[in-house]
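Notes follow once the structure below has been shown.
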Amino acid sequence: MDTLKLEIAKSRKGFVAALDQSGGSSSKTLALYGIGEDKYNSEEEMFDLIHEMRKRVITSKEFTSEHILGTILFEKTMNSKIEDKYTADYLWENKNIISFLKVDKGLKEQENGVKLMKDIPGLVDTLKAAKEKNIFGTKMRSVIYEANREGIKQVVNQQFEFAKIICENDLVPIIEPEVDINSKDKELCEEILKEEIIMHLLNWNPEYKIMFKFTIPTIPNYYFDLNNYDFVVRIVALSGGYTNDVACSLLALNNKMIASFSRALLEGLNVNQTEEEFDNKLRDSISKIYEASIT
């Protein structure tokens, strides 16, 4: 494992930019960016458009390692190029920013109050390809809607099963068991989730480095003590549908938790903005998220 990249992931001030919108969320992201579904005729055209959006963000003069330590990429983005370099190479060589790869293939139907991840066929081959493309880590998402102990246990078990495979292939997994911000039992979901996670951490191989991506907790600093495990590299937070302002206000209440925002990061960006307008809006979002991450 690259020790410099590991040190950046563990210690650098900043946040992780989530640019890993998949097939299910790309059309919504493009719509918010000002590109309606009438502007493309196929999934391939849609992904080309969203890659152009991501490229515009990544190449902006405001997107720098001064505020951003890592970026989460979709697989098609990993395999695409920016200025004749694969995306992760461009981010590392031009921006000194490390890259993570979204490896999950979406969610199953809801059962026991949760949505488990679908199977991930060819995961090991994907991980090998990621290493070849100089990716540092991975990310995989499940969703919890209800305080159902059995469902939450299944989510955590599945996340750690995949995390072990990822660690065995010398990558650092971001474990993301999202608790839906609209859950009527959000605080209880978080309580059960933490209990289940700790049971795994007590028996985890300390040689295997992991990260967590959580919904911003109802009780500030609720996940703080997970930092006491030496193999936990970093704890990051998802915006979960909150606006930029709300997400940043809530995040700022949590010590040693940094942002890994997607919607909140891209909020207000539009395909029709001039370069100056685009950069100014991106700078405002990045500054807010950075300040909330280091507070």
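A few remarks follow.
- Of the residues making up the stretch 49-94, those that are of a type in the set (D, E, K, R) and touching a strand residue (DSSP E or B) at 6+ places or on another chain (Cβ under 8 Å) are 54, 55, 75, 93.
- Residue in the stretch 271-283 that is farthest from residue 59 (Cα to Cα), counting only those that are touching an Asp or Glu at 6+ places or on another chain (Cβ under 9 Å) and among the charged types (D, E, K, R): 281
- Matching entry among 144, 98, 152 (being within 30 Å of residue 186 (Cα to Cα), crowded, with 18+ Cβ neighbours inside 10 Å and within 17 Å of the chain's Cα centre (by Cα)): 144
- Selection count where residues are among the charged types (D, E, K, R) and in a loop (DSSP other than H, G, I, E, B), scope the stretch 57-87: 5
- For the stretch 101-117, filtering for residues that are within 14 Å of the chain's Cα centre (by Cα) and either more than 19 Å from residue 74 (Cβ to Cβ) or in a strand (DSSP E or B) (or both) leaves 2.
- Filtering 186, 164, 256 for residues that are among the basic types (Lys, Arg), touching a strand residue (DSSP E or B) at 6+ places or on another chain (Cβ under 8 Å) and within 27 Å of residue 1 (Cβ to Cβ) leaves a single hit, 256.
- In the stretch 29-56, of all residues being in a loop (DSSP other than H, G, I, E, B) and touching a residue at least 60 places away in the same chain (Cβ under 8 Å), the one that is nearest to the chain's Cα centre (by Cα) corresponds to 33.
- Where residue 196 falls short, out of the listed (1) assigned to a helix (DSSP H, G or I); (2) touching an Asp or Glu at 6+ places or on another chain (Cβ under 9 Å); (3) among the charged types (D, E, K, R): (2)
- Residue among 64, 59, 71 that is of a type in the set (Val, Ile, Thr), crowded, with 18+ Cβ neighbours inside 10 Å and in contact (Cβ under 8 Å) with a residue 24 or more places away in the chain: 71
Here's the yes/no breakdown for (1) over 28 Å from residue 164 (Cα atoms); (2) surrounded by fewer than 18 Cβ atoms within 10 Å (Cβ to Cβ):
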| residue | (1), (2) |
| --- | --- |
| 231 | no, yes |
| 239 | no, no |
| 247 | yes, no |
| 255 | no, yes |
| 260 | no, no |
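- Hits in the stretch 259-295 - residues which are farther than 21 Å from residue 31 by Cβ, in contact with a Lys or Arg (Cβ under 9 Å, 6 or more places away or on another chain) and assigned to a loop (DSSP other than H, G, I, E, B): 260
- In the stretch 164-183, the residues that are closer than 21 Å to residue 128 by Cβ form Cβ pairs under 9 Å with partners that are surrounded by fewer than 21 Cβ atoms within 10 Å (Cβ to Cβ) and hydroxyl-bearing (Ser, Thr, Tyr), at six or more places apart or across chains, as follows: 164/208; 166/208; 167/208; 168/208; 172/208; 173/208.
- Note on the stretch 238-258: among residues that are assigned to a helix (DSSP H, G or I) and touching an Asp or Glu at 6+ places or on another chain (Cβ under 8 Å), the one that is modelled with the lowest pLDDT is 244.
The values are calculated or read from the model by the stated rules, or taken from the named source; none is laboratory data. Predicted, not measured: the structure shown is a model, and the values here were computed from it. So basically every Cβ, Gly included, is an ideal-geometry build from the backbone, and we count neighbours across all protein chains shown.
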